Amino acid sequence: MTGPSDALQIFGVTLIGATSENLRKLLLTFFIIAVALVVTWALRAFLRTFIGSRAGTRFHFWARQVVSLTIAALLFLAIASIWFDNPARLATVVGLLGAGIAFALQRVITAVAGYFVILRGKTFNVGDRIVMGGVRGDVISLSFMQTKILEMGQPPPMQGNEPSVWVQSRQYTGRIVTITNDKIFSEPVFNYSDQFPYVWEEISLSIHFTDDRGRAEDVMLEAARRHTVVSKQLEAPELERLERRYGVAIGDIDPRVFWLLVEGWIQLTVRFLVPDHGIREIKDAVTRDIIAGFEEAGIQVATSSFEIISVPPLKIERPRRREQPEAERPR
């Protein structure tokens, strides 16, 4: 039954807010939510159908993000218009709800804020190779609260970090790691792909002082130039734009060899530029060519093992046996 104010009553008790008007608003809210879900499904189906082979690319990702943000904004405005036709009531309710939500969901709100910071600040994009929250890998998904990374291995100096990784180079481990977006406020984010999709790499080998050092340097330079990026492969305007934007000189792009005196040998380090993906294959090819070139030139790679050149002569003297007096000899 209903009371004089059209409120629902049970056993003479009036239920606050249970009016026919609120019931209509509730039904209309459910209807709008259902329509939003149907429209979202239809738009995503449209994207899957007409994007085709581009699915999974950055275009597909941003198209899904635009659909999600647009539908969420329209749904919020529609529901607010239904329930809060009076602006004063809306401001009061929004203030109370905002204070409660901000206290109870601090991490969630920070993660959502991180999502917009990532988008606005262009911190990274889907497909970028990054280090975030101690995880190295390629970004495969970005949502309001989480970022998913296809994990790659860690170099030996980082193998002690948790969780342990059994792959010792920048290749996929097969694990997908989910990280909350709030990590960008507390930890640095390293991006291998943004603006300049290249990184510098080094390979160090040691040779004896008596070996042909000039030939060894030539072998390392030839191997690096054969498989890595050289200055003629990059456009000058792109390098100038990077130097002008960041105020840092990119330096010489071509491979270089640096010498270092260490105890017992000479350490040669070849430094070269490689793309942000496929680094392990490139270093493997460069290393094979260097070893083959060293063998052809008769250059031996030095190690920390000991080499015995000669042994000085040793003279072993056996102590003489003391003779006993004749009186003490046994008879």
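The values are calculated or read from the model by the stated rules, or taken from the named source; none is laboratory data. Keep in mind that this is a model prediction, so the values were computed, not measured. Glycine gets a Cβ as well: all are built from the backbone with ideal geometry, and neighbour counts include every protein chain shown.
Descriptive notes on the structure:
- Candidate set: the stretch 232-242, residues that are surrounded by 13 or more Cβ atoms within 10 Å (Cβ to Cβ) and assigned to a helix (DSSP H, G or I); chosen: the one nearest to the chain's Cα centre (by Cα): 242
- Check on residue 81, at pLDDT 85 or above and surrounded by fewer than 16 Cβ atoms within 10 Å (Cβ to Cβ): no
- Any hit, the stretch 15-22, residues being in contact with a helix residue (DSSP H, G or I) (Cβ under 7 Å, 6 or more places away or on another chain) and modelled with pLDDT of 55 or more: no
- The stretch 172-221: number of residues that are within 30 Å of residue 267 (Cα to Cα), loosely packed, with under 13 Cβ neighbours inside 10 Å and under 12 Å from the mean Cα position of the chain (by Cα): 1
- Flag for residue 217 being touching a Gly at 6+ places or on another chain (Cβ under 8 Å) and under 30 Å from residue 240 (Cα atoms): no
- Among the conditions (1) loosely packed, with under 15 Cβ neighbours inside 10 Å; (2) closer than 25 Å to residue 67 by Cβ; (3) within 19 Å of the chain's Cα centre (by Cα), the only one that residue 134 does not satisfy is (2).
- Residue 261 vs. criteria assigned to a strand (DSSP E or B) and at pLDDT below 90: yes
- In the stretch 35-60, the residues that are modelled with pLDDT under 70 and among the hydroxyl-bearing types (Ser, Thr, Tyr): 53, 57
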